[in-house]
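The values are calculated or read from the model by the stated rules, or taken from the named source; none is laboratory data. Fair warning: this is a prediction, and the values are worked out from it, not measured in the lab. For neighbour counting, all protein chains shown are included, and Cβ atoms are generated from backbone atoms with ideal geometry for every residue, glycine included. With ligands, DNA and RNA removed, areas are computed over all heavy atoms of the protein, side chains included. Shrake-Rupley method; radii C 1.70, N 1.55, O 1.52, S 1.80 Å.
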Amino acid sequence: MATPARELTITVTVNGEVYEREVEARKLLVHFLRDDLDLTGTHIGCDTGNCGACTILLDGKAVKSCMLLAPQADGATITTVEGLAPDGELTPLQRAFSQHHALQCGYCTPGMLMSATYLLQQNPTPSEEEIRRGIQGNICRCTGYVNIVRAIKAVAEGEVA
Amino acid sequence: MTSTVTERKVELEVGFAGKSIPRKEDKRLVQGQGVFADDVKRHGMGYLHFVRSPYAHARILSIDVSAAEAIPGVYGTLTGEEVAELTDPFFQIATPPGAYVRDYALAVGKVRYAGEPVAAVVAETRELARDAAELVEVEYEPLPVVVDARRALDDDAPILHDECGTNLSWSGVYEWGDVEGAFAACDRIVRIKELHFDRFNSTPLECDAALVEYDRGTGQWTITTNNQFPGFAAIMMAPAMRVGTDKLRFVTHDIGGGFGNKITSHPQLVACCLLARKLDRPIQWTEWRTEFHQSMSHGNERWFQDVEVAVTADGTLLGFRCKALDDAGAYLRYEPLGGVIWAQVSPGLYRWKNIRVEFTQVMTNKAPVSPNRGYSRMQHLWLTERIIDIVAHELGLDPVEVRKRNYIKAEEMPYTTPNGCVYDSGDYARCLDIALDLIDYERVKERRGRRDGKLVGIGIGSTLDSGTNNFGQSTLLNPELQFSGNNEVATVKLDIFGEIVVTLGTAPQGQGHETTAAQVVADILGVTPDDVNVRRGHDSYWNSHAGFSGTYASQFAVTGLMAVKGAADKLAWEIRRVAAAVLEAESPDDILLEGGFAKRKDNPEAALPFMAVGAIVNANNAILPLEVRDVTLNCRHVYVPPFQPPDKERKYGNLTLTYATQIHACVIEIDEETGEVEIVDYAAVDDCGVRINPQIVEGQVHGATAHGIGAALHETFAYDEDGQLLTANFYEYHVPHALDMPDLKTAYIESPSPFNDLGTKGMGEGGGAAIHAICAAIQDALRSAGLPAVVYDSHNPPERVWRMIRNPEESRSLVEVIEA
Amino acid sequence: MKVEGVKSFDAPAQLVWDVLMDPARMAKLLPGVESFEVKDERHWQAQVKVPLGMGGLKLKFNFEQVEERPIEYAKLNAKGQGVGAIVAMETQFHLTPDGDRTSMRWEADVRVAGPIGSMGQRVFQPIVNQQVSNVLSALEAQVAEAKAGR
Amino acid sequence: MLLREVEYARPATIEEALRLLSSYEGARPLAGGQSLVNVMKTRVAAPDVVVDLNAIPELRQISVQGDGALSIGAMVTYDQLLRSDEARAVRPIVGRVVATIADVQVRNRGTVGGNVCSNDPTNHLPPLLAAIRATFTIRSLEGERTVAVEDFFQGVYMTAVGTGELLTRITVPARRRGEGDGWASLTLGKDGTGIVNVAATVRDAQARIGIGCVSAVPVVVETEADEGAARSAVDDAGLDPPSDVHASGEYRRYLAQVLAARAVKNAIEDARR
């Protein structure tokens, strides 16, 4: 990709599956996931990179997919919310979110789960303060974060199998 | 009343209702398998992008779409001129002058707020649609703007709607009791010159969106959208589009939050419909965050002026009078209903009997307002709570004592307010005591005042969450309107293989209707919620809706669940009849529904599985005894709450069915140098009668509190003098994130509503309790530190607090106490 | 948003005035001018690309000379239209000769509409101040050139 | 969302990047993209070519130089920096401040080079690097030059990095004995966008204060290492901060004084450690 191009062919591994696609250079990664790959679990809640609804794991790191161009993901490995429980067997975080009523409308939930998953990978036993810092980049308008924090804490404390 | 009522046997206290079972919705949502409006795709669909006005007020001289249409991949455009030919202006709720407003799907001739759509472009991709939108040449002649409601009626104020000849949309005087008498009888009159309730909204994380298809053969549109009140959208859209409401099929799936903000998307939906027909292809429209902030559903901004309160020496409140000046923004899309909705809670939680409000609503060059969580009552309840704290501080009384002295008492329930509303049940003083215990009031109150650079204060917010509208209140604004009462629909059926299927008329946005409906049905049919399939969302094709169907105004627990209960009761009776006939029981009353079987009470061995009942009626009915051949096992129930039309002359009558209570208490610390407010403790006590799913109720309390905290400290839709929105995205419009939110302590009592069989009350709006509590706490912190400031605005960012600390007299000068 | 100031030139008022009234020279004052065209003696048009570190902001400017009183006062309006931004500028110059120097009092009222307007004035205001100072130093250079007969 | 058409290139070396930047007019470097991409969404900025620097390993290095100074590659992410033992050892304040920038996702992607080159007045690093006297190494095809902080920041979104040039690294002098650094800010929400940001460093009873959000470039004030002195020095600095919806110029001017005093206080405490 050493010479500038308006359209590029990219190869991305998403949730274990390899996709090769033609994309416009200007296409945001989140639109590529939602519109081109039809992985609509990754949501869009703002224009400014504030809300975190589009959070995914890019090569293992939590990032906001609305602040990357699709071609930047060429060669990368991505996990989206659809990839958390590929065989339908929910992760402890997914179960905890339901048990603790950590979601209402469910729109921020995919991004929130990706940030929480990343947090617990980095720090399996976070304090409440660390949990709040870990999800600071994800806006939820329904829950006031109260039950989200409780759900993550429950997983960290091993209360959710 | 509370104690006695809680002991009353409420049918659903046994079984699944009343339990915090995990939600049926969650499994799909935690896996990203929810279906939101922007997720829906169709072959050959075109993406719509609106061309929006950069000016807050301007004449449209010309619009040239040729350059846009010339681009390959652009399917077509729509302009205001076409809209004005193809549609009629939307129906207006107001009497003149507001009635003369001509509101269309796109600006016609003139733009009246920055961000108003003037044209729409449809193209093959989202990006291309925006590229083309940039090529639409619009020539404007900018006009002077009015952004301050207090200037809107000045002689030299620019007029938004020439047809109206004024910026006044509606005005009316409400007077109940003997106001003059109260002011004659009082010991003191407390005057408050002006208070301001700020402009914000709940900014649901998902913006408005729709996928609209047009069927040339039938002339019908299918509108797959996240509009939360399809009943209202249909009433607005069909006449404007000159079609019957059945030509508009509304479908909702999962909705990413609504909070009232998704009620008035009908203009955009009309634009989508016209383009779907014009271009003969599905139209996909998704609003972007900046567009939402600039153009959708701001909350009602309100000024309270010349407030006068009649008080006796001991702090008993006799009454108040004031002017309320409401800022509707540029168009009346649900307004002027805000001009009467507040009257559901006219005395707040207090016993004063004498109230006069001169209500005036004006239009300004700002985004149109629409319902926002706590709609119109929140503004008024903020006033009553401000009054309590200002009166208490000015008269040297304890805000807690003044509240308790004036609260309506539990033994007075049901309580008829001065304007004829009936507060069904509640125990405010008890809720307050619980809230105060949760923040350890007795200990904390010793800490108030100045403490190493911080000012510590305690605040209380007591509010009502009135639910289940009597739409007859609209006739208090416009006697000609033919609206009254309310209704909601549900169907419950037993399918051929015994599957229980429920459809609702509501359009939930996270309230867990699938779960609570299943809990109610499960108890009635003797199954588990897992056995009950509640269909997601709303679909006109289910014929499971009525005129007021939707999810708004805190009513599902009453209207929605009573419809579900009614339908489930009917189905249970039909199952019993079939079983009685087949099992040769004396009567259906001898049949018991349990574990998915219809059993003879006298002989449980004689049992018919639901599958058999479903199969016989649906596919083997020749064996059915004649007397039960009328059974359909497909039961529809329309719940109609017990309302009378209100008295238009006296503006008197019951405007809502239930009144949930929210009493909040908080402790804050203010950085004395910077004015920054930090919440160090927060408690919310809720009383919404019988709770079908306590965890869901608690979640609503958390969410409403977070919205209040955001509005009180962070969120504002601020405009500059040219009418440009200064907080048009989440970068400038800061919503609380996890570090901004304190952990919340919650508690509850249950005062069942005597006015419905479930004993439930609608809830979820929270009446803005957090705004009232934080404003009170700021004033308490300043007063406790010897600063005689008055909190005069609902929104208090650091600089405003800093100014109150530096110059408390400035805000204090808004208030005077007169010895009567 | 209003910005104003006083600038002194080492040149007689008549010369400063001529520079201000000369579209060709005005063209050289604007930041990032890509094209400049004189419609008539009162109206000019320019394509400018305001240099922002993140890539220029392209605007089409229409200038109108609304008022002038040789050689002490002139008023110039400019309306710029670009993607996401509409800029309206009202500029006034007051010239007072002092000896063989000239002091110019100037006022500019800049109004911005469109997305950039909502981008945050804390970003926008410094940008305007900066562009204005660029224009003024360019003006100084033009005056110097004119004085040197170039 | 929905950007203008743009061309994309992802060079593997600095030379390649420089060649691209100098051969295409309207080419912009794309660092973390946490600011640039958002501005491109508004279409206010629309570069013709973006040169993605994310595949140039050389720009991602953190190292300690011979003189003990910390060398931070322009493409080092905030996350990388706040985890870096070198950074913690050489100049702890850098990691402490970077840890409060935006949120986890942005810190995983956002880079120090992007932060200083965008030079949004609310950015954290400009006032901090001004206070601790960082220097900036800029490369072009012609060669390399080093710029002092005073000359680096030139305006909003404008720095000494010219067209065809690239910021390759930032050098932060090591904290010497008796030296201390402090930070104080008032933000939109906790750890949010700065309303006013202040960094201070003290040494030999002298304080050097860098103030952000009050001008197009960070303002530097030098005075005695004393809270009161800092307050009045900032007062005398005659700041004329912009007003916006979050704060008036008057309030920002006052906050600058209060926060300068706090930053100096923190720096003095830091010096004792």
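Among the residues making up the stretch A:115-132, those that are within 12 Å of chain D (Cβ to nearest Cβ) and either touching a residue at least 24 places away in the same chain (Cβ under 8 Å) or within 16 Å of the chain's Cα centre (by Cα) (or both) are A:S115, A:A116, A:T117, A:Y118, A:L119, A:Q121, A:Q122, A:P126, A:I131. Checking D:V64, D:V97, D:V76, D:V49 one by one, the residue that is at the interface with chain A (Cβ under 8 Å from one of its Cβ atoms) and β-branched (V, I, T) is D:V49 and no other. Could you go through the stretch B:692-715 and let me know if any residue there is part of a loop (DSSP other than H, G, I, E, B), touching a helix residue (DSSP H, G or I) at 6+ places or on another chain (Cβ under 6 Å) and within 14 Å of another protein chain (Cβ to nearest Cβ). Scanning the stretch B:692-715, I find at least one residue that is part of a loop (DSSP other than H, G, I, E, B), touching a helix residue (DSSP H, G or I) at 6+ places or on another chain (Cβ under 6 Å) and within 14 Å of another protein chain (Cβ to nearest Cβ), so the answer is yes. Can you find even one residue in the stretch C:43-52 that is among the small types (G, A, S) and more than 28 Å from D:R4 (Cα to Cα)? No, every residue in the stretch C:43-52 fails to be among the small types (G, A, S) and more than 28 Å from D:R4 (Cα to Cα). I'd like to know if the stretch B:19-34 contains one or more residues that are under 30 Å from B:I235 (Cβ atoms), touching a residue at least 12 places away in the same chain (Cβ under 8 Å) and assigned to a loop (DSSP other than H, G, I, E, B). Yes, because at least one residue in the stretch B:19-34 is under 30 Å from B:I235 (Cβ atoms), touching a residue at least 12 places away in the same chain (Cβ under 8 Å) and assigned to a loop (DSSP other than H, G, I, E, B).
Do we have any residue at all in the stretch D:35-44 that's more than 16 Å from D:D120 (Cα to Cα), part of a strand (DSSP E or B) and either within 11 Å of chain A (Cβ to nearest Cβ) or at pLDDT below 95 (or both)? Within the stretch D:35-44, none of the residues are more than 16 Å from D:D120 (Cα to Cα), part of a strand (DSSP E or B) and either within 11 Å of chain A (Cβ to nearest Cβ) or at pLDDT below 95 (or both). So if I check each of D:A216, D:A207, which one is within 14 Å of the chain's Cα centre (by Cα), over 30 Å from B:P736 (Cβ atoms) and in contact (Cβ under 8 Å) with a residue 60 or more places away in the chain? Only one candidate qualifies: D:A216. In the stretch D:47-94, the qualifying residues are those that are out of contact with any helix residue (DSSP H, G or I) (no Cβ under 8 Å at 6 or more places or on another chain) and polar (S, T, N, Q), and the one that is nearest to D:T159 (Cα to Cα) is D:S71.
Filter the stretch B:716-729 for residues that are away from chain A (no Cβ under 12 Å) and aliphatic (A, V, I, L, M); which is surrounded by the most Cβ atoms within 10 Å (Cβ to Cβ)? Per the criteria, the residue is B:L725. Consider the stretch B:158-193. How many of its residues are outside any strand (DSSP E or B), open to solvent by 20 Å² or more (accessible area, probe 1.4 Å) and β-branched (V, I, T)? Within the stretch B:158-193, residues that are outside any strand (DSSP E or B), open to solvent by 20 Å² or more (accessible area, probe 1.4 Å) and β-branched (V, I, T) number 2.
Within the stretch B:585-623, the set of residues being free of Cβ contacts under 8 Å to residues at least 60 places away in the same chain and either surrounded by fewer than 16 Cβ atoms within 10 Å (Cβ to Cβ) or hydroxyl-bearing (S, T, Y) (or both) comprises B:E586, B:S587, B:D589, B:K601, B:D602, B:N603, B:P604, B:E605, B:N620, B:N621, B:A622, B:I623.
Here the helices (runs of 4 or more DSSP H) wholly within the stretch B:745-820 that include at least 3 residues being aliphatic (A, V, I, L, M) and either surrounded by 24 or more Cβ atoms within 10 Å (Cβ to Cβ) or within 14 Å of chain D (Cβ to nearest Cβ) (or both) are B:769-784, B:798-806. With respect to (1) charged (D, E, K, R); (2) open to solvent by 10 Å² or more (accessible area, probe 1.4 Å); (3) under 30 Å from B:I668 (Cα atoms), the lone exception for B:D465 is condition (2).
With respect to B:A546, determine if the residue is closer than 20 Å to B:N469 by Cβ, touching a helix residue (DSSP H, G or I) at 6+ places or on another chain (Cβ under 8 Å) and among the aliphatic types (A, V, I, L, M). Against the criterion (closer than 20 Å to B:N469 by Cβ, touching a helix residue (DSSP H, G or I) at 6+ places or on another chain (Cβ under 8 Å) and among the aliphatic types (A, V, I, L, M)), B:A546 qualifies. A single entry from B:G766, B:G689 fulfils the requirement of being in contact with a strand residue (DSSP E or B) (Cβ under 9 Å, 6 or more places away or on another chain), at pLDDT below 95 and not hydrophobic (A, V, I, L, M, F, W, C): B:G766. Scanning the stretch D:215-273 for residues that are within 14 Å of chain C (Cβ to nearest Cβ) and either within 22 Å of D:R96 (Cβ to Cβ) or in a strand (DSSP E or B) (or both) returns D:P218, D:V219, D:D244, D:A247, D:L255, D:A256. Among the residues of the stretch B:416-433, those that are surrounded by fewer than 20 Cβ atoms within 10 Å (Cβ to Cβ) and not in a loop (DSSP other than H, G, I, E, B) comprise B:T416, B:V422, B:A429, B:R430, B:D433. Of the candidates D:A184, D:A200, the single residue that is surrounded by 24 or more Cβ atoms within 10 Å (Cβ to Cβ) and among the small types (G, A, S) is D:A200.
Of all residues in the stretch B:194-227, count the ones that are touching a residue at least 12 places away in the same chain (Cβ under 8 Å), assigned to a strand (DSSP E or B) and more than 25 Å from B:E715 (Cα to Cα). Selection size over the stretch B:194-227: 11. Determine whether the stretch B:265-285 contains at least one residue that is part of a loop (DSSP other than H, G, I, E, B) and hydrophobic (A, V, I, L, M, F, W, C). No. Within the stretch B:515-530, the set of residues being surrounded by 22 or more Cβ atoms within 10 Å (Cβ to Cβ) and either not in a helix (DSSP H, G or I) or not hydrophobic (A, V, I, L, M, F, W, C) (or both) comprises B:T515, B:T516, B:Q519, B:D523, B:P529.
Among the residues of the stretch B:289-326, those identified as assigned to a loop (DSSP other than H, G, I, E, B) and more than 21 Å from the chain's Cα centre (by Cα) are B:T312, B:A313, B:D314, B:G315, B:T316. Can you tell me which residues in the stretch D:11-23 are more than 24 Å from the chain's Cα centre (by Cα) and either aliphatic (A, V, I, L, M) or buried (at least 18 other Cβ atoms within 10 Å of the Cβ) (or both)? D:P11, D:A12, D:L20, listed by residue number. Kindly establish whether A:I139 is hydrophobic (A, V, I, L, M, F, W, C) and closer than 27 Å to B:C207 by Cβ. In short, yes. Checking the conditions here, which among B:L494, B:L481, B:L504, B:L525 is under 30 Å from B:E649 (Cβ atoms) and hydrophobic (A, V, I, L, M, F, W, C)? Of the residues listed, the single one that is under 30 Å from B:E649 (Cβ atoms) and hydrophobic (A, V, I, L, M, F, W, C) is B:L481.
Whenever a residue of the stretch C:88-101 is closer than 19 Å to C:L15 by Cα, its partners that are acidic (D, E) and not in a strand (DSSP E or B), lying with C-beta atoms within less than 8 angstrom and at least six residues away or across chains, give the pairs C:H94/C:E72; C:L95/C:E72; C:T96/C:E72; C:D100/C:D10; C:R101/C:D10.
Count of the stretch D:226-273 residues, restricted to those that are open to solvent by less than 30 Å² (accessible area, probe 1.4 Å), under 16 Å from D:G210 (Cβ atoms) and touching a helix residue (DSSP H, G or I) at 6+ places or on another chain (Cβ under 6 Å), is 9. If you filter the stretch B:20-47 down to residues that are of a type in the set (K, R) and within 26 Å of A:G88 (Cα to Cα), you find that the one that is least open to solvent (accessible area, probe 1.4 Å) is B:R23.
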